[in-house]
1. Would you mind listing the strands (runs of 3 or more DSSP E) fully within segment 109-166 where at least 2 residues are within 12 Å of residue 226 (Cα to Cα) and open to solvent by 30 Å² or more (accessible area, probe 1.4 Å)?
2. Among the residues of segment 196-217, are any assigned to a helix (DSSP H, G or I) and at pLDDT below 90?
3. Residue 22: modelled with pLDDT under 90, open to solvent by 90 Å² or more (accessible area, probe 1.4 Å) and part of a loop (DSSP other than H, G, I, E, B), yes or no?
4. Please tell me if residue 95 is without any contact (Cβ under 8 Å) to a residue 60 or more places away in the chain, closer than 17 Å to residue 148 by Cβ and out of contact with any strand residue (DSSP E or B) (no Cβ under 9 Å at 6 or more places or on another chain).
5. Scan segment 101-156 for residues that are over 22 Å from residue 36 (Cα atoms), among the basic types (Lys, Arg) and touching a Gly at 6+ places or on another chain (Cβ under 8 Å) and jot them down.
Amino acid sequence: MPIINRIPRIAALVLIPLLSARAARAQEALPRVLPWGITGAEASTQLQAGGEMRIATTRAGREVYAISTKTPLQAVAILSRDTLVGLLYFHAENGIATARDLFAQALTTAERVHGPPYCRRPDHAVWALDSTVLEVRLRRPQGDGARGAEIRYTGPGYEAEMARRAAATAAAAAAAPRPRPRSVTGGRRLLGVAADSVAPDTIAAPPPPQVEAAPAPTPLDPVAAARALCT
């Protein structure tokens, strides 16, 4: 029997709004940015600080995936050869707030903290901060992805890392034979991780003995980067 069925009716009517209000307040907070240039291990430690997130899985030198212990929030620390260059947070639509609600909440909070955005569209806003570009996006369903609000921080070296990955992917695709279609496991996905397959003891494959050191990133021009995202 579900726990809620064992709670007296009056107590249940009081408890449900309290839980909903707590979740709603958590959704209104803007996720924090971490110091650029820290390692993947340091990013893992900082993401888990305070006990509000736990690490779900890692890709050595490339990404650290974390999920919230309190709200439908996921985070991906994007690494360039084990150096933090970007942070992507995704708040999934849930029973309390729709994707449009979550986007509006993140947008309002970002404006309160950072002022008016560099540019604003119905589903996208960009801020040029100190050594950082902040984006708030409305994420609509695409493929097996969930809808919600995406908050992205990018720092020095992010664009170069994305370009490097795109080039490596294109080169590998050109060199490899056409793969056979693979069946997709059930369940919707959020940030590339199946929402129903993340467990506290999920561990990535053992990392290589050494991770190639990243070259010194080119200093970020937030205004130029924001302008590129707004055109």
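1. 124-129
2. To start, the set of residues in segment 196-217 that are assigned to a helix (DSSP H, G or I) comprises none.
No: segment 196-217 contains no residue that is assigned to a helix (DSSP H, G or I) and at pLDDT below 90.
3. Working: modelled with pLDDT under 90: yes; open to solvent by 90 Å² or more (accessible area, probe 1.4 Å): yes; part of a loop (DSSP other than H, G, I, E, B): no.
Here the answer is no, as residue 22 does not meet what is asked.
4. Numbers: without any contact (Cβ under 8 Å) to a residue 60 or more places away in the chain: yes; closer than 17 Å to residue 148 by Cβ: yes; out of contact with any strand residue (DSSP E or B) (no Cβ under 9 Å at 6 or more places or on another chain): yes.
Yes, satisfied.
5. Residue satisfying the conditions is 139 alone.
The values are calculated or read from the model by the stated rules, or taken from the named source; none is laboratory data. What you see is a predicted model; the values in this text were computed from it and never measured. Reconstructed Cβ throughout: ideal geometry from the backbone, glycine too, with neighbour counts over all protein chains shown. Only protein heavy atoms, including side chains, enter the accessible area calculation; ligands, DNA and RNA are left aside. Shrake-Rupley method; radii C 1.70, N 1.55, O 1.52, S 1.80 Å.
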